[in-house]
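Working notes for the structure below.
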Amino acid sequence: MTDWISSMFIIAGVGFFLAGTVGLLRFPDVFTRLHALTKADNTGLGLLGVGVALQGQSFRLAVLIALIWFLAVTASSIACHLVARHNLHSEEGER
Amino acid sequence: MSSIPDPFGLAAAALLAVGFYGFVTHRHPLRRLLAINIFGNGVFMTLILVARWMPGGPDPIPHAMVLTGIVIAVSATAFGLALVRRSMTQEDGDRREPDDD
Amino acid sequence: MTEHLPVLAVFLPLLGGVLQFLLGSRGLPVWPLAVAALTVGCVLLLVGAVGSNGSIEHAIGGWDPPLGIRLRADGLAAVMLLLTAVVGAAVSVYALGPHGKASPQATHFWALWLLLWGSLNALFLSADLFNIYVTLELVTLSAIPLVLLAGPGKTVAAALRYLQFALFGSLLYLLGVAITYGLAGSLDLALVGPALADGGLAAGLAAGCLIGGVLVKAAIVPCHVWLPPAHGNAPAAVSAVLSALVVKAAVYLLLRFWTEPLAGLSGTLVAQLLGALGAAAIFYGSIQAFRQERLKLVVAYSTVAQLGYMLLFFPLAVSQAWDGAVYHGLAHGVAKASLFLATGNVIAYVGHDRLRELRGLDRPLALSVFAFGLASVSIMGLPPSGGFVAKWLLLSAAVETGQWWWAVVLIIGGLLAAAYIIRVLRYAFLQAPGPAVDVQGPVPSAVMAWPATLLGLLAILMGFTAAPTLALLGGLPGATS
Amino acid sequence: MTLFDSVLALLIAILAWRSVTAPDLYRGIVLFITLGLMLALSWARLDAPDLALAEAAIGAGLLGILLLSTWRVLQRAAPRQGSDEPASYAVRWLAVVGSTVFGGTVAVALYGLQVGSDRAGAEALASLDLAGIDQPVTAVLLNFRSYDTLLEMGVLLMALIGALLIRSPLAYEPWHGDTAVESPLMSVLAKVFTPIVVLVGIFLVWAGAYGPGGAFQGGAVLAGAGVLLLLCRRLYGDADATLLLRGLLVLGVTAFIVIGLLLMPWQGAFLAYPPGLVYVLLVVIEFSLAVSIALSLLLLFTGTHAVRAVRS
Amino acid sequence: MTALLTVAAVILLKLFALGLIRIYQGPSESDRILAVQLSGTTTVGILVLLSHVLAMPALIYVALLFVLFAALIGVAFVRHPGIGSSS
C-alpha cells in the first residue's frame, strides 16, 4: 500500500519536473520561464520528497526532506524575484 | 583483484584531456583557471576511482587526499581570482608582453 | 632528542611565521631574527647528527609507513637543508635593510619568509609522495605572495603566470601520485619503487606525470616562461630565495625521484631526453641572459641556464655525476643568492637596473661589486670555486661514460656564462664615470652589503669544501662504489 | 544503475568540454558551476559522500559564487573585454591532438590498473579503533595523515596572505544598476537562511566524528553563511583586523602544532596522541580547524583583512 | 521499488541534460542563471532519490547544501561588486 502511494507520488513528481523543463525550453521569454522554475519544479521536488519519505519510513528523514523542500521553495522564489528585477532593470538600462 | 570498467574512468580521462586543452589554448587568465580546475577535478576523480577499486570498501586515504586537494585548489584559485581582478582592472594598462614562444 | 630534530626544523620557522602574522608588526625585527637563529641552530644540529650517525627518521603520529608519513633526513636532504640555512641566514640579515622597520609590508615579508623556510625544510625532509605535493603547494603559495611584495602593480602579471604554471604542474604531479597509489597501494618513497618498475603503461604514465609536473615547477625549458618576470621583479631578498632555493627544490625532487622510486625504471631514452632539456635550458637561458637590458633579468635568465646543469645528471648517472649535479645545486644556490643581493644593492642605490646606464659603480658600491664578481666566478665555473668543482665532476662523468656530447654542452655552457657575465661587468662596473640615477638612495648599509659579500666569498670557498660536503651527501643511492 | 552512470559520465564530459570551449567567459563559468553539480552526483555514486559534501560546499558553491562575482567585477571594469583572442589555428590543433593522446593514455592506463588489496587504506580501515574516531576519512585526516592536514592549513593561510597583499577586495556597494540592494526579500534571505546555514555548518563539523562531514565541509558551509550576509549587506569587508580575528584565523594551524609539539616528548612522535585523550583532542582540533577554515575562506572571498557587521 | 526510483533518477538526469540547452543558448544572462537554478533543483531531486536507492543518508545533506548554495548563487548573480578602495 505504502509502496503504491509512494510510487504515485514519485511518478507525479517526475512529471512536474518534465513540465518544468519543457517550460524552460519552450516558453518565449525570461519572465514566463520563471514560472517553470518556481512552480513546476518545486512542486515536483515536493512530490518526490513525499514519495521518498514514505519509502524511508524514518522521522528524521521526513523532517530533513521537509526542510529541504521549504528551503528550496524560499530560495528559488527569492532568487527568481531578484533575477527578474535584475533583468527588468538591465533591459531598461541598456535599451 | 581486477577493476570493473566503469564509465567514470572515461569521464576522468575526458576531464583531464579537456582541462589540458583549455590550459594550453586559453590566454585569458580566468579561463585558464577554469581549465586548471577542470583538470584538477579529473585528478580527483582518478583518485576516487582508485579508492573505489579497493576490495573491502572505499579506501579512505585517497578520499582524504581529495579533500586536501579540493581545499588547496580552491584556496589557490581564490588567490588567483584576486590576482585576475587586480591585473584586469589596473588602470595603468599593464599590457602583457607577447610571449617569446 | 635527535629523532625530534626534523620536526623542529620544520615547525620552528613555520610556527614562527604563523605567530608573526598573528602579532602583526609587534616584535619586529627581533622575533623573526630569533626564529631564524633558532632554525639555523636546529638545522646545524640535525646536519651534524646526520653526518655522524647517518640518516634520521621520524614517523609522524607514531604511524609507520605505509599508513603514516615519515620525515627522513638523509644525506641529500641534509645538504639541501644546509644550503637553505646558509642562504636563509644571509637573506634574513640582508632583509633587515629593506624590511627592518615595523610596517605591514615588513610583517608580511617576515611571516611569509619564515613560512617559506619551514615549507622548504618540510619538502626536503618529506618521504611521502602526497605529502610532497602539499609541501610543493606550500612552497609555491608562500613564494608568490613574496613576489607581490615588490608592489602589486609591477608584479601582478608575473605572479599570475607563476601561479597558473605552478598549479598546473602540481596537479599533473598529483595525477602521478594518484596512479602510483593505485599501483602500489602506498605513498612512501621507499615502498612505491617496485610497483613503478613493472614497466606497464600505468607505471609509465605515473612516472611521466611525476616527472612532468616537477619539470613545470622547476621552470625547465619550455616551462620557464614564468620565471624571469617573477624573479626579475620581486624584491631582492625574495629573488635570492626564489632562485637559490625555490626552483632548486623542484630539481631536488627530480633527483630524489630518479634515484629512489623511479630507480627501477629502465629509462635511458627518458634520461637522454632530460639531459637534452637540460642542454636546451643551458643554451636558451644563456643566450637570453646575454640579450637582456636589465641587470636583474640577466641574473634571472642565468638561473634558467644554470638549472640545466643539474639535469645533466640523468644521462650520465654515475657517482661523479651525482656528486657534480648536487654540488652544482649548492654552489649555484650560494652564488645566485649573492648575485641577487648585490643587484638589490645596486637598485637600492641608483633606483633602476638598466644595464647600459650603470657605469662606474665600483667606487660607491665597492663591496657589492666585489660580491658580484666573486659570485660570477662560480657561475662561470672558473677555478677555484664551487661552480668549478661541480662542473669538473660533471665533465669527468661525461668522459667516464664516454658521452662526449655532454662534455661539449658543459664547455659551451661555461663559455656562454662567461659571455653574459663579462658583458654585465663591462657595462655596469668598469666604465667610468658614474651611473645614471633615477632615485638616489643611500649607500647600502653594512647589513645589506655584507651578506652578499659573505655569500660571494663562500661561493669561492666552496672550491675547497667539496670533500666534506660530498661525504655528508653520501654518494649515489644504490650505487655499489 | 549502469545507465545512470553512463549518462552521468557523458554529461560530465560534455559539460567540461563546453565549459572550456564556451565562446564567452560567463557561459564558461555557468557551465563550470553545473559541472560541479554533476561531479557531486558522481562522487555520491562512487561511494564518497564526504567528497560530495565538499564539492557541494566548496567546489560548486563557494567557488561558483566567487567566479560569478569576479566576472561581474571584470565586466564592470572592462565592459568591452568580452572575450579573449583565441589561440591560433595550429596551436589549437596541436592541443587537440596532444590532449586526445593524453586522455586516451590515461583511460587505457586506468582500465589496465590492477588494484591489489595490500594497501595502506586497508591498514587504515583495520586500525580504526586505534585512531580514536570511527569515521575512516576523518581518522585519516586528523590522525593517520594529520601532517598533511596541518600543512594544508598552512597553504590556506598563505593563499589568504597573498590575496590580502594584492589589495583587490570585492566590495559590495550600491551603485547604479545594483537592483538587488533595495529588494525587501534580501532581508528575508538574511534572516531566514543565515541561522539555518550556520546550524548546518556546525552540525557537519560535529558529524565528522561518526559520519560524512568534518571540519572542511562544515567550515566551508559556515563561510557560506558569511558570504550570504555579505551579499545581503549585513557584513562588509574592512581593512583593519583585530588581534582576536587574526587569532581565530591561525587557531587551527596553531592548535595543531602546539598540541603536537607539547605531546612530542611524552609520546615520542610528533602528533601522536595519548590513547586516553585522543577523542577529546581530535574534537578540539576539528573545531579549531573549522573556525579557521570558515574565516579564511570568507576572507579569501572578500579579499580583505577583516569583516564587520553593518550597523543600521 | 528501487527500480522505479532508479528509473526516476535516470529520467531526471536526462531532463537535466535538456536544461543544458537553455544554459548554452541563453539568450540572456538571466536565462542562463535561471537554467542553473533549475538544474540545481533537479540535482537535489536526484540526490533525494539516490539517498534512498544507494542507502546513503548523507546524500540528504548534500542536497541540503545544494539548496542553500543555489540561493547564494542567485544572489551573487544580481549583485555588482566593485574593487574596493585599496585597504
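Computed from the coordinates by the stated procedures, all read-outs in this text should not be read as laboratory data. All values reported here derive from a predicted model rather than from experimental measurement. Cβ sites come from the backbone with ideal geometry, for glycine too, and all protein chains shown count toward neighbours.
Here are the numbers:
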{"quantity": "D:Leu277-A:Ala66 pseudo-label distance in nm [points 7 Å out on the Cα-to-Cβ vector]", "calculated": "4.5 nm"}
{"quantity": "Charge dipole of region D:135-312 about the Cα centre (unit charges at C-beta), most positive-ward option of D:Ala207, D:Val283, D:Leu189", "calculated": "D:Leu189"}
{"quantity": "Cut-off 16 Å, label 7 Å out along Cα→Cβ of D:Asp240, residues of region D:275-312 by amide N", "calculated": "D:305-309"}
{"quantity": "Region D:190-312: relative contact order as a whole-number percent, Cα under 8 Å and 6+ apart", "calculated": "35 percent"}
{"quantity": "Distance violations [Cα-Cα > 22 Å] among A:Lys39/D:Lys191; C:Lys217/C:Lys391; C:Lys296/C:Lys336", "calculated": "A:Lys39/D:Lys191; C:Lys217/C:Lys391"}
{"quantity": "Rel. contact order, % - alpha carbon contacts under 8 angstrom, at least six apart, chain C", "calculated": "15 percent"}
{"quantity": "Cα gyration tensor shape for chain A, rounded if a/c is under 1.5, else prolate or oblate", "calculated": "oblate"}
{"quantity": "Sparse-neighbourhood loop sites, trypsin sites (Lys or Arg not before Pro) in region C:120-228 - DSSP loop, at most 10 other Cβ within 10 angstrom", "calculated": "none"}
{"quantity": "Burial ordering of C:Leu425, C:Leu253, B:Leu34, fewest other beta-carbon atoms within 10 Å first", "calculated": "C:Leu425, C:Leu253, B:Leu34"}
{"quantity": "Chain A, helix-only ellipticity at 222 nm - DSSP H runs n ≥ 4, -39,500 (n - 2.57), divided by all residues, nearest 500", "calculated": "-30000 deg cm²/dmol"}
{"quantity": "Value at 222 nm in deg cm²/dmol, rounded to 500, when DSSP H runs of n ≥ 4 in chain C each add -39,500 (n - 2.57)", "calculated": "-24000 deg cm²/dmol"}
{"quantity": "Span-like helix ranges in chain C, DSSP H, alpha carbon extent 27 angstrom or more, Kyte mean at least 0.0", "calculated": "C:30-53, C:75-99, C:104-125, C:129-148, C:152-184, C:268-291, C:319-350, C:404-424"}
{"quantity": "For region A:40-64 versus region C:54-110, the gap between their alpha-carbon centres in whole angstrom", "calculated": "55 Å"}
{"quantity": "Helix-only mean residue ellipticity at 222 nm for chain D, each DSSP H run of n ≥ 4 adding -39500 (n - 2.57), per residue, nearest 500", "calculated": "-21500 deg cm²/dmol"}
{"quantity": "Pairwise label distance in nanometres, C:Leu461 with C:Thr401, each label 7 Å out on the Cα-Cβ vector", "calculated": "3.3 nm"}
{"quantity": "At R0 = 41 Å, FRET efficiency that the Cβ-Cβ distance of C:Ser55 and C:Ile287 yields, to 0.05", "calculated": "0.50"}
